[in-house]
Amino acid sequence: MMISFLRKQALRASGVVAAVALVGAMSGCGDSQGATTLDKEAKVELEIWSGQTDEAEKLIEQLAGEFEKDNPNVSIKVSPGASSTEDLLQKLSAGFAGNQYPDISYAFGSWASELESSNRTLDITDEVKNPEVKWDEFPESARLTAQPTGNKTIGFPAIVDNLSLIYNKTVFDKAGVSYPTGDWTWDDFAATAKQLTDDATKTYGYAYSVSGSEETTWQFWPHLWQSGGSILGNGEKETAFASEAGVSALTFLRGMAVDDKSVYLDQTDTKFGELFASDRIGMITSGPWQLYDLKTAGTKYGVVQLPGTDGDHTTVSGADLWALFDHKDKNRAYWATEFTKWLTSAEQDERWNVEIGNLPLRSSELNSEVFKKQVKEYPGLDVMAANLENAKARPTVPGYAGLSEEIGKAISEVLQGAGDPKPALEQAAKDADESLGE
């Protein structure tokens, strides 16, 4: 079993890919009309941009081949679509402009609103209402990502995840400190991080990204939400994070980083994982993609849900999608939907997401023998799966990339002692509002 490098990259890049003017790219382009009435027996050729590489790409090609055997009138061409997942949005934009785009593409959840506004996506709202689809088995955060404005359903969830608290048992044992529990508060967390920090051995209680990337930003959202704050307000047309709740959340993190000096501040987004695996950091907040590296390193670890505020353990999810696109052809639309529904069914997902180390897409898979086997190999996956009930999705609005960049810079400056929470967040909000208005 392996966890694809794609997923690690996706989490760090999914909110910060340069925005592409999809609406403008498509406004003057029209498709030639395909089949206007559905003929399920007609020969159909579908194209999928998988966003995958190596073993994951081979696996989805194998699955597509099985679907073709069961449906001999359907031919499926599978390719990565671009040299990296991050490049898919730009490739899609160019393809829309030239009428050369796939039927299905992997897409970061943060692209959802931009894709919907392109007027190139299918709307499968009626299809997912079919009881056979079992739409409610997907986590709410993933369903909402697939319905970015609430007006359309533009695809099926492709990957689900969340941030959980991972702790290093060796560091805790050396310090003689009790392990975290599922009912921890953030005060418990901060106090323990301070206990674990040891200047002599250069051991830190916690780690946080100060690269200014989406890694910096999305680690902050649970603090904001649990403090009673919101990312957006006014119908999602402007930011709301520079609130009393936002200031309180950032002040808390600043206290750990600047006053307690219990936080390893990572400029790279990658070093903290290596230091944690080598027993130099006591706790990190991360997701299922981290567990493969920890097993490989032989790290003794445990997983619990994030600490909470007044019993609220809200975490953040960065669900991604299989986006479906409209070619004005009833037959292609039908079979693109059928294939994606089949791919995301519990039976196939156990061979796809679960097999490559991601969390199951559906609640019905949690008791499957396949997932139980993975949990034995990678303890904590079951905790992360259960933690999906606490997960909220990041915004999918156009302009999120700019918003993420602005607040990421503010958080980084404050945690490095170069700014104060209130003015830093207010300036970030002012700049981010411009991104949302573009």
Check your understanding: Condition test on Ser178, is it polar (S, T, N, Q) and within 24 Å of Leu294 (Cα to Cα)?
Key -> yes
Review point. Quick check: is even one residue across region 308-330 part of a helix (DSSP H, G or I), under 30 Å from Glu68 (Cα atoms) and of a type outside the set (Asp, Glu)?
Key: yes
Check your understanding: For residues in region 333-368 being among the β-branched types (Val, Ile, Thr) and closer than 18 Å to Glu127 by Cα, which is nearest to the chain's Cα centre (by Cα)?
Key -> Thr344
Practice item. Confirm whether Glu389 is assigned to a helix (DSSP H, G or I), under 16 Å from the mean Cα position of the chain (by Cα), surrounded by fewer than 20 Cβ atoms within 10 Å (Cβ to Cβ) and among the acidic types (Asp, Glu). Key: yes
Review point. So which residues in region 50-80 are touching an Asp or Glu at 6+ places or on another chain (Cβ under 9 Å) and either hydrophobic (A, V, I, L, M, F, W, C) or more than 24 Å from Glu347 (Cβ to Cβ) (or both)?
Key: Leu59, Phe67, Val74, Ile76, Val78, Ser79, Pro80
Check your understanding: Just wondering, is there one or more residues in region 218-236 that are in contact with a helix residue (DSSP H, G or I) (Cβ under 7 Å, 6 or more places away or on another chain) and of a type in the set (D, E, K, R)?
Key -> no
**Study point:** Residues located in region 288-302, provided they are of a type outside the set (S, T, N, Q) and either touching a Lys or Arg at 6+ places or on another chain (Cβ under 8 Å) or surrounded by 23 or more Cβ atoms within 10 Å (Cβ to Cβ) (or both)
**Key:** Pro288, Trp289, Leu291, Lys300, Tyr301, Gly302
Review point. Of the residues that sit in region 293-307 and are outside any strand (DSSP E or B) and hydrophobic (A, V, I, L, M, F, W, C), which one is nearest to the chain's Cα centre (by Cα)?
Key: Leu306
**Study point:** Matching entry among Glu434, Glu413 (being part of a helix (DSSP H, G or I) and either surrounded by fewer than 17 Cβ atoms within 10 Å (Cβ to Cβ) or of a type in the set (Val, Ile, Thr) (or both))
**Key:** Glu434
Review point. Do you know which of the residues in region 209-259 that are within 24 Å of Met283 (Cα to Cα) and of a type in the set (D, E, K, R) is farthest from the chain's Cα centre (by Cα)?
Key: Asp259
Revision key, fill the gap. Taking region 337-363 and keeping residues assigned to a helix (DSSP H, G or I) and either surrounded by 21 or more Cβ atoms within 10 Å (Cβ to Cβ) or not assigned by TED's automatic domain parsing to the domain that holds Val44 (or both) leaves Phe339, Thr340, Leu343, Asp349
Check your understanding: Residues Ala200, Ala191: which one is part of a helix (DSSP H, G or I) and farther than 20 Å from Asn387 by Cα?
Key -> Ala191
Revision key, fill the gap. Of (1) without any contact (Cβ under 8 Å) to a residue 24 or more places away in the chain; (2) part of a helix (DSSP H, G or I); (3) not polar (S, T, N, Q), Leu403 satisfies every one except (1)
Point to revise | Test: Pro139 is surrounded by 24 or more Cβ atoms within 10 Å (Cβ to Cβ), under 20 Å from the mean Cα position of the chain (by Cα) and at pLDDT below 95 | key: no
**Study point:** Cβ-Cβ under 8 Å pairs, at least 6 apart or on other chains, region 139-157 side free of Cβ contacts under 8 Å to residues at least 40 places away in the same chain, far side among the β-branched types (Val, Ile, Thr)
**Key:** Gln147/Thr125; Gln147/Thr153; Gln147/Ile154; Lys152/Thr121; Lys152/Thr125; Thr153/Ile124; Thr153/Thr125; Thr153/Val128
Review point. Among the candidates Tyr301, Tyr334, which residue alone is over 30 Å from Lys409 (Cβ atoms) and in the same structural domain as Glu214 (by TED's automatic domain parsing)?
Key: Tyr301
Practice item. Determine, yes or no, whether Val133 is of a type in the set (A, V, I, L, M, F, W, C), touching a Phe, Trp or Tyr at 6+ places or on another chain (Cβ under 8 Å) and either at positive phi or in the same structural domain as Ser113 (by TED's automatic domain parsing) (or both). Key: no
Review point. Which one of these is under 30 Å from Tyr106 (Cα atoms) and among the polar types (S, T, N, Q): Gln195, Gln147?
Key: Gln147
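This table checks each residue for (1) in contact (Cβ under 8 Å) with a residue 12 or more places away in the chain; (2) more than 17 Å from Asp310 (Cα to Cα); (3) in the same structural domain as Ser141 (by TED's automatic domain parsing); (4) in a loop (DSSP other than H, G, I, E, B).
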| residue | (1), (2), (3), (4) |
| --- | --- |
| Tyr204 | yes, yes, no, no |
| Gly212 | yes, yes, no, yes |
| Gly235 | no, yes, no, yes |
| Ala242 | yes, yes, no, yes |
Revision key, fill the gap. Met1 passes all but one of the listed conditions (1) surrounded by 15 or more Cβ atoms within 10 Å (Cβ to Cβ); (2) at pLDDT below 85; (3) under 30 Å from Leu294 (Cα atoms); the exception is number (1)
Point to revise | Condition met for Asn151 (of a type outside the set (A, V, I, L, M, F, W, C), part of a loop (DSSP other than H, G, I, E, B) and surrounded by 18 or more Cβ atoms within 10 Å (Cβ to Cβ)) | key: no
Check your understanding: farther than 24 Å from Ala112 by Cα, modelled with pLDDT of 95 or more and over 30 Å from the mean Cα position of the chain (by Cα), is that true of Glu41?
Key -> yes
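The values are calculated or read from the model by the stated rules, or taken from the named source; none is laboratory data. Note that this is a predicted model, so its numbers are computed, not measured. Using ideal geometry, Cβ is built from the backbone for each residue, glycine included, and neighbour counts are taken over all protein chains shown.
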